[in-house]
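Visitor: Dropping the structure in here first, questions after.
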Amino acid sequence: MVYDMGAPSPTGMGERLTKMSYSFAKYRILFTLVVTIAILILIMNIHHMQDTHSTTLKTAPYSKDFAFPRSYQSLKQKIQMKKVVATVKPMICHYQNQSSVPEERSEEMFLLKMIEWPMPPQARTPFMNSTDPKHSHFLILNSQNTFHVGDQLQVMVHMYDFSGNPKQYGGDYLQARIHTPELKAGSVGTVVDYLNGSYKINFTLFWPGKVEVSVTLVHPSEGIQVLQRLRDERPDKVYFKSLFRSGSVQETTMCSVCLPETAPLCNFTDLKTGERWFCYKPKKLPCTTRLNHAKGGYKKGLLKGAEGRFLTSKVNLQQPVLPSGPGFVNVKASTHAGANLRRCVRGKSLASPSGFYYQDQWMSATCNIHRFNTPNITACLRKKIVHFFGDSTIRQWFEYLTKFQPGLKRFPLGNNENTGPHLAIDMKNQIMVKYHCHAPPIRFYIETPNMLYIANALDGIKAGKNTIIAITLWSHFGTFPVEIYIRRIQNIRRSILLLLNRNPDTQIVMKTANVQALTPEGSLYNNNWDSFQLDVVLRKMFKGINVSFVDAWEMTVAHYLPHELHPQQIIIKNEIDTFLSHVCPFAK
């Protein structure tokens, strides 16, 4: 198995204040009207440019080497027709894919089989028989050899239990990287599970000097057994709520993609995509009075027996595995390495390793990454509309651009900071940047009118050469069965294919998941194994589609900074540089 890794005023003063307030309100309305007109003019200008530069449907919406798998032959025909409305079965808690497209149901089964994880042979493993990172070790193969840049480095990892016995089965989740701290250099390794307690890790040596190897046990196989049970059996471990109000009457009820039918339900299933969502019906109000969506909280008491011991800090959760010999190799420069890379193009799948850090800059293994300062970013995005869709990790891109682009001013829409929607405009350069979060499940407050499924948003975009779309969603889906994530991505992918049929010149970028810090309790609701599985699914589902990728997963695993759900600024800058290198590959 392979995985990638004050006081009352006098009357006179009150009258003057009233007049001043009226005058201020009048000017505020006038100011708002002027700004709104300016924005409308800008939008019209940009859309005019899109109409001017849009290409007719002479070009396929996927790369030249893309071939639909057998199961996609009829899907290829369907995307040219009106979008199929998925059917919804009444069994609310039944996770079978409800798509009306047979190929999508087959794809789901294939993907679930692809990400099957090897589990311990016993339903309950004694703790002393579980993986112990302190007893385990790794060994660099042929460490005495002379290595050059471009060579492969192989490492064997042997896992032991707390009794000091070799493990006889696999399924541990490992992360590995090579790094040179003085050079701020790093890259990830690819792990091969031999299913017998041994693992091989393959690295590509990208830079010369002393290169150190680090191996981390993220979760033991016994811990993953717990996480998988919770993911599949307890989709209610994060619960949601909505406020319903009419006049002075208001009620709050619980909501989710799956609710036990212990009381009448409000069915908020999206009619176009078939994405399901339910709330318990208020006792005194109709379903149409729903005002918002928010996280309700986290369920407690999820673990059974001694399961918590498999998710213990400083014991078996995100712990280092040490070398049994040298933990580094010396790498010499190579005359064959360092060939000029081509510009970044769409339609190419991500390989692993997809790149490396050197002097804190991300270098792609396949294309040339430019370094974008403020003028470069302005030049790249001039006369363009940028749409960011997804969770808070792509909202960071919106926040980065508005922070470091002085001409890009946020327009106060008064929406929730976490979910938006948000808008920023550079009037001089005719740049518009938007952010919109994805629809539930999302663990933030959002008002009902602002809830929008990404697939529906894509269907409504009049795209073209001057439209850039970047998408990510993963973090809020890890607590649910993978089928729900697959269904969401299938809807988004279908809309992307339709959009590319309409406007093949539209730039679409997918940002992968990224790693995050882990705590024993936090791992029950967000963990890197669940995120890794969703990321594998995303990459596979977009293989061969004419989109670009930003490999945030490897960019966070390879970096020396601690793992965080919201990576620090230096990592975000590298993500932005990679994003813009695909959008503007000819930048200087």
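The values are calculated or read from the model by the stated rules, or taken from the named source; none is laboratory data. Keep in mind the model is a prediction, meaning the values are calculated, not measured. Virtual Cβ from ideal backbone geometry, glycine too; neighbours counted across all protein chains shown.
Visitor: Could you list all residues from the stretch 138-165 that are out of contact with any strand residue (DSSP E or B) (no Cβ under 6 Å at 6 or more places or on another chain) and acidic (Asp, Glu)?
Guide: 151
Visitor: Looking at the stretch 258-286, which of the residues that are over 23 Å from residue 416 (Cα atoms) and among the hydrophobic types (A, V, I, L, M, F, W, C) is nearest to the chain's Cα centre (by Cα)?
Guide: Selected residue: 258.
Visitor: While we're here: If you go through the stretch 484-507 one residue at a time, do you hit one that is under 23 Å from residue 299 (Cα atoms) and of a type outside the set (Ser, Thr, Tyr)?
Guide: Yes; the residues of the stretch 484-507 include at least one that is under 23 Å from residue 299 (Cα atoms) and of a type outside the set (Ser, Thr, Tyr).
Visitor: Follow-up. Name the one entry in 401, 381 that is more than 25 Å from residue 564 (Cα to Cα), aliphatic (A, V, I, L, M) and outside the structural domain of residue 293 (by TED's automatic domain parsing).
Guide: 381
Visitor: Among what's in the stretch 245-298 and is touching a Cys at 6+ places or on another chain (Cβ under 6 Å) and in a loop (DSSP other than H, G, I, E, B), pick the residue that is farthest from residue 447 (Cα to Cα).
Guide: Of everything passing the filter in the stretch 245-298, 258 is farthest from residue 447 (Cα to Cα).
Visitor: Select from the stretch 139-158 the residues that are assigned to a strand (DSSP E or B) and under 31 Å from the mean Cα position of the chain (by Cα) and write down the one among them that is farthest from residue 199 (Cα to Cα).
Guide: 152
Visitor: Same structure, new question: As an exercise: evaluate residue 135 against (1) surrounded by fewer than 16 Cβ atoms within 10 Å (Cβ to Cβ); (2) more than 33 Å from the chain's Cα centre (by Cα); (3) not charged (D, E, K, R) and give the number of the one condition it does not meet.
Guide: With respect to (1) surrounded by fewer than 16 Cβ atoms within 10 Å (Cβ to Cβ); (2) more than 33 Å from the chain's Cα centre (by Cα); (3) not charged (D, E, K, R), residue 135 is out only on (1).
Visitor: Also, I was wondering about something else. I'd like the residue in the stretch 106-130 that is out of contact with any Ser or Thr (no Cβ under 7 Å at 6 or more places or on another chain) and of a type in the set (Ser, Thr, Tyr) and, out of all such residues, is farthest from residue 532 (Cα to Cα).
Guide: The selected residue is 125.
Visitor: Restricting to the stretch 341-368, what's the tally of residues that are on the phi < 0 side of the Ramachandran plot and assigned to a loop (DSSP other than H, G, I, E, B)?
Guide: The number of residues fulfilling the criteria is 17.
Visitor: Just the residues that are of a type outside the set (Lys, Arg), part of a loop (DSSP other than H, G, I, E, B) and surrounded by 15 or more Cβ atoms within 10 Å (Cβ to Cβ), please, taken from the stretch 299-336.
Guide: If the condition is that a residue be of a type outside the set (Lys, Arg), part of a loop (DSSP other than H, G, I, E, B) and surrounded by 15 or more Cβ atoms within 10 Å (Cβ to Cβ), then 302, 303, 311, 315, 316, 318, 327 are the ones that fit.
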